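A.B. asks: Have a look at this one.
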């Protein structure tokens, strides 16, 4: 497995070594020891979530605040998504910056999104199955969000705006400058 830095502090791409043969393939999806040696960060996860979505669905930008903040290791198990991480840590040199990467069932890439980041994805294929490994348990009272089309962040979700499908909650998220991180 290769671990690569992104332009955002503490946010990493994990690229597996894939072993293919006539039976199919095998790869190590995650190795806590390798991750901790490369990043110096804890790679212990306590909750796994899976979502399935149709083309145009945009989930985000979401975060958990305070003592319930979550780091996530995300991947696409079926289909294609554009995954987006936004650094919302006010003391970070990359505060307010975002990074996106296409995660697909074929490329098997994963993105490590640290605590204090906003996270979201848009579905670029007919359907997508998305996996989230979280290092802290979900807490409804600690939810936070940022409006997906915030004019300060200017995220390119790689979808025409008329194709974007949002939850009611995501339609009414606060702007970046109005959220208390």
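Read-outs throughout are calculated quantities, based only on the coordinates presented, and are distinct from any laboratory measurement. Treat the numbers as computed from the prediction; the structure is a model and nothing was measured.
A.B. asks: Restricting to Cα atoms and excluding each atom paired with itself, what does the Kirkwood estimate give for the stretch 1-65 in Å?
C.D. replies: 14.9
A.B. asks: How big, in percent, is the set of alpha carbon pairs in the stretch 61-126 lying more than 21 Å apart?
C.D. replies: In whole percent, the long-distance tail amounts to 25.
A.B. asks: Grab the DSSP H runs of the chain that are 4 residues or longer, score each as -39,500 (n - 2.57), total them, divide by all residues and round the 222 nm result to the nearest 500 deg cm²/dmol.
C.D. replies: About -1500 deg cm²/dmol.
A.B. asks: What are the equivalent ellipsoid semi-axes of the stretch 1-119, built from the alpha-carbon gyration tensor (square roots of five times its eigenvalues), in whole angstrom, biggest first?
C.D. replies: 24, 18, 13
A.B. asks: What's the long-distance tail for the stretch 36-181, i.e. % of Cα pairs beyond 23 Å? Mind showing how you got there, number by number?
C.D. replies: Numbers: 3259 of 10585 pairs.
That tail contains 31 percent of the Cα-Cα pairs.
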